[in-house]
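See below for the structure under consideration.
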Amino acid sequence: MRFGIFGSAQARRGGPDVDSGSGFRDFVDYNIEVEALGFHSSFVVEHHFTGFGQISATLNLLTWIGARTSTLRLGTAVMTLPWHNPVLLAEQVATLDLLSQGRVDFGIGMGYRYKEFAGFAMPMEEAEARFDEALAVMLKAWTSDEPWSYRGKYWQLDDVVVEPPTHQKPHPPLWMGAGSPASIKKVAALGYNLLLDQYSTVEDIVERIAIYKSEVERLGRRFDPMSVGVTRSINVITEPAALQKAYENRIIAKRRIDRLTVRPDNQNAARVSSDEVITASALYGSPDDVARKLDVLRAGGAAYILVNCPGGAAGLRRFAQEVRPAFAESSMPQPAGMAR
């Protein structure tokens, strides 16, 4: 199996005695250690209007991380295309790809939080159409060396050549978040990699990988297990009280997300998971417990795990030392002194 990380940071508002940047700086240091521990990638979220300071300027933060690392893949999970000017976004992604010498993995999505669409005064019903148009513009921007124009419903461009070019050709690898069978098949049809979320059950993850694999092969392409990134919250904990507290914190965090997500008309209320699903989808427990749960995922076709570690650097270090060696790719660099 291959392991990357998935995560966010917080920059809280406050008075003159509050260092709002400390959370971001700590996250950069965390990513430096992630690379030293031999992880393959770091996928970073994009969110807005949360009230708790989640990452909003994702590419800016990844640029800082890219400058402090040398091998870590720099992923977005995900950039919500409907909210962005696609030409400006294409330029920013290309700049990061050039500066990092081709380390960008560009994860994209349509968005799902009502609070964000409401904040941008954008109907959620337009999300798919805006996504499709923005993606078409970005692909044109990355692959056209001659001037071109575009007339769409949301964007119009006249006689442009978008600069700079990307390092990776024809453009950075594209990853798409999806959950429903129809959306998963769309990702396969586009030829992109698939991102699966951290709150789905293991059974759902296995089913979704199978749908994606089947569709890729139906379209005449070879399925690469590393083309599916499965996000999981992983926490190596041996004390029963600490384990119970970790589950409680996970439920609290998901409920906070739910309050930002659900529409007033409850049309997307299916995104609210039960407490049982929230806890069952987490890989928490002793090293043996976590390894056993990882084994179930591996048996179901999951080969690339993006670790969201509530335990921070210490927790990730423990996972890397006590669990990962039994699952890691043979080619993955191991930090000096790690138990094998």
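The set of residues in region 268-299 being polar (S, T, N, Q) and either in a helix (DSSP H, G or I) or surrounded by 17 or more Cβ atoms within 10 Å (Cβ to Cβ) (or both) consists of S273, T279, S281. The residue pairs whose first member lies in region 111-123 and is more than 12 Å from N268 (Cβ to Cβ), whose second member is of a type in the set (K, R) and buried (at least 19 other Cβ atoms within 10 Å of the Cβ), and whose beta carbons are closer than 8 Å, counting only pairs six or more residues apart or on different chains, are M122/R130.
Screening the candidates E203, E217 for the property of being in a helix (DSSP H, G or I), open to solvent by 40 Å² or more (accessible area, probe 1.4 Å) and closer than 27 Å to K293 by Cα yields one hit, E203.
Quick one: would you say D265 is of a type in the set (D, E), in a helix (DSSP H, G or I) and at pLDDT 95 or above? No; evaluated as a whole, the condition is false for this residue. I234 satisfies every condition listed in (1) under 21 Å from D295 (Cβ atoms); (2) out of contact with any Lys or Arg (no Cβ under 7 Å at 6 or more places or on another chain); (3) not in a strand (DSSP E or B) except (3). Scanning region 230-288 for residues being over 27 Å from A326 (Cα atoms) and in contact with a strand residue (DSSP E or B) (Cβ under 8 Å, 6 or more places away or on another chain) gives a total of 0. In summary, I184 fulfils each of the numbered conditions (1) out of contact with any helix residue (DSSP H, G or I) (no Cβ under 7 Å at 6 or more places or on another chain); (2) farther than 23 Å from L88 by Cβ with the single exception of condition (1).
Pairing each residue of region 85-104 that is farther than 9 Å from H167 by Cα with any residue that is surrounded by 23 or more Cβ atoms within 10 Å (Cβ to Cβ) and among the aromatic types (F, W, Y), provided the two are 6+ apart or on different chains, yields C-beta distances under 8 Å for V93/F106. Among the residues of region 300-326, those that are of a type in the set (A, V, I, L, M, F, W, C) and crowded, with 18+ Cβ neighbours inside 10 Å comprise A302, A303, I305, L306, V307, C309, L316, F319, A320, V323. Strands (runs of 3 or more DSSP E) fully within region 37-156 that include at least 2 residues being open to solvent by 10 Å² or more (accessible area, probe 1.4 Å): 148-151. Determine whether W175 is in contact (Cβ under 8 Å) with a residue 60 or more places away in the chain, within 30 Å of D204 (Cα to Cα), open to solvent by less than 80 Å² (accessible area, probe 1.4 Å) and of a type outside the set (D, E, K, R). Yes; evaluated as a whole, the condition is true for this residue.
Checking each residue in region 1-29 for being part of a helix (DSSP H, G or I), within 25 Å of Y304 (Cβ to Cβ) and open to solvent by less than 40 Å² (accessible area, probe 1.4 Å) picks out F27, V28.
The values are calculated or read from the model by the stated rules, or taken from the named source; none is laboratory data. The structure displayed is predicted, hence computed values, not measured ones. Neighbour counts are summed over all protein chains in view; Cβ atoms, including those assigned to glycine, are modelled from backbone coordinates with ideal geometry. For the accessible areas, the whole protein counts, side chains as well, though only heavy atoms, and no ligand, DNA or RNA atoms are used. Shrake-Rupley method; radii C 1.70, N 1.55, O 1.52, S 1.80 Å.
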